[in-house]
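Here's the structure, in structure tokens; my notes come after.
Nothing in this text is a laboratory measurement; each read-out follows from the coordinates by a stated rule. Please read all numbers here as calculations on a predicted model, not as lab measurements. Ideal geometry is used to build each Cβ from the backbone, glycine not excepted, and the neighbour counts take in all protein chains shown.
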């Protein structure tokens, strides 16, 4: 777990240290650079495996055919090392980076599917004069790149790329709209037109004077054949693959612990983790205190009592992270750390837990992220199941449902969900499916944007990448699996994993995600829909597999949001901040927003006419991002 950066082109070598310093928080245990002619690599180190100087990077293979800068972990590196040793490779240390360097030297990009891990790396092959970069299949580790007149640059964070001389800082209007309607920008786009993401499961090759070549190395989603599992087979299979995933991801030379919300995902991981430690104290857990009664009106459920129950049942230490409302007032800090204008206060809670873990000497945490994206659990999965009761209606009647939904008040959690349920009832199935991910319709948002940033019929719309990606799936993929494909490809990779990585690295903590182990993912794809969403019960097979292991109160509890009560803040300090920005002309000065339109949207939200709390937070975040990232 580290920060990487580098270039290929006519850049000055001093740039490498500047890029490394920009993301020094990702590597508090050391920093190094390497350059030779047009190629340069930077590395800032968070030591997790092989804490000795032999683990320092950038790192050559044994024959000095390739040099690598690597961020992340390869969980099966010991097995891969044994394979290389049988081929005669002699190792200097015990790191997974050294294994990767030697694999690349011997096999090139053909080795990428062999890697079980979370990673983003770059490798320079001097004899071939080529640079390659790659990102893990799930997108756990971030990686950005940009092209300038001098060549190509890449980094773990956008703030490092800002040091590239001549970087075009033109804003991407479609991406800005996506942050306000989806909370993230899907696919490879970022707020800067010139900066792109390396997509999960892909590698890129750069050669001097040529355009980059992009190749996918991971298998497409939902290529597994559905199996007619019995209940016993489904439950035993899930327990086997989850136990295997947790065991694989506990490789570490530093103390390790876990998130524990008291939900089924993190609780199941805690159970299996405790099977692979010498003492219960070797897997400390971290949680947050309960939400207040006022916060429960926003759909939050008290996590803390459930986390206590799991801790008591298993005997694992439970540390309670602390955060107060004063922390969430510092949006500038959040936006700077996240690198993108992501309007989700769950970033603060992730940071509070990771900060507490680091204070306790824990540098690695196992997370329950991904459980909802494999086995269902979000409200949109339940809403999708409800389509069977009305999707067969003629389009004019479905249009009537849409009209009805527009008149439902959004002042309560139930009203917000009911309003959203039929908002796209008469849309074509792919559009309707993608639109479940929207927080606000683009036409409702448009008056709050400056004319140049308002979506038009000819614009790229927020859900267009989602709709396009559905064509990647094989014919016959169920509607539920189509939605899970969108969850994994965009919401998880571009949003949840991104803010978790950035906030964890701000504390010098690595977060691992057992649910995204490739064997467990493949098993989830072989399950029929009913094992995932069973009536109104999400994650059905996981709940039943853990029945008798976890307390029933945990298995049957309602889902809770992992965040902070935004709507209450929008009625208070955040709303006042927006008003001040709009009335002072600072929103208009961004060139992105129309201050009067923002005030109108804010008032409509306060009256319950629209549910725009997250898009309004997005406006605050975009304003902050522009102020911090577009000036050099």
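Between the entries (i) 37, 31, 24; (ii) 45, 32, 23; (iii) 54, 26, 21, the label attached to semi-axes √(5λ) of the Cα gyration tensor in Å calculated for this structure is (i).
Applying 1/(1 + (r/R0)^6) with r as the Cβ-Cβ distance of residue 444 and residue 168 and R0 = 35 angstrom yields a FRET efficiency of 0.70.
Mean separation of Cα pairs under 8 Å and 6 or more residues apart, divided by the residue count, gives the chain a relative contact order of 17 percent.
For the chain, the mean residue ellipticity at 222 nm estimated from helices alone is -11000 deg cm²/dmol, where every DSSP H run of n ≥ 4 contributes -39500 (n - 2.57) and the total is divided by all residues, rounded to the nearest 500. A full extension of the chain between residue 211 and residue 456 corresponds to an added length of 85.1 nm, given 0.36 nm per residue minus the alpha carbon distance.
Centre-to-centre, using Cα atoms only, segment 443-478 and segment 92-153 are separated by 32 Å.
If a/c stays under 1.5 just call it rounded; otherwise compare a/b with b/c (prolate if a/b is bigger, oblate if not). Do that for segment 148-233, with a ≥ b ≥ c from the square roots of the Cα gyration tensor eigenvalues.
oblate
Taking a ≥ b ≥ c as the square roots of the eigenvalues of the Cα gyration tensor, segment 189-277 is classed as prolate, since a/c reaches at least 1.5 and a/b is larger than b/c.
At R0 = 41 Å, how high is the FRET efficiency between residue 17 and residue 279 if r is their beta carbon distance? Nearest 0.05 is fine. Before the final figure, lay out the partial values.
Numbers: r = 43 Å, r/R0 = 1.04.
Given R0 = 41 Å and the Cβ-Cβ separation, E is 0.45.
Taking 0.36 nm per residue of separation and subtracting the Cα-Cα distance, full extension of the segment from residue 233 to residue 628 would add 136.9 nm. Only Cα pairs under 8 Å and 6+ residues apart enter the sum, and on that basis the relative contact order of segment 565-632 stands at 30 percent. In plain terms, if you count all Cα to Cα distances in segment 565-632 and split them into 10 Å steps from zero, the share in each step is 22, 55, 20, 2, 0 percent.
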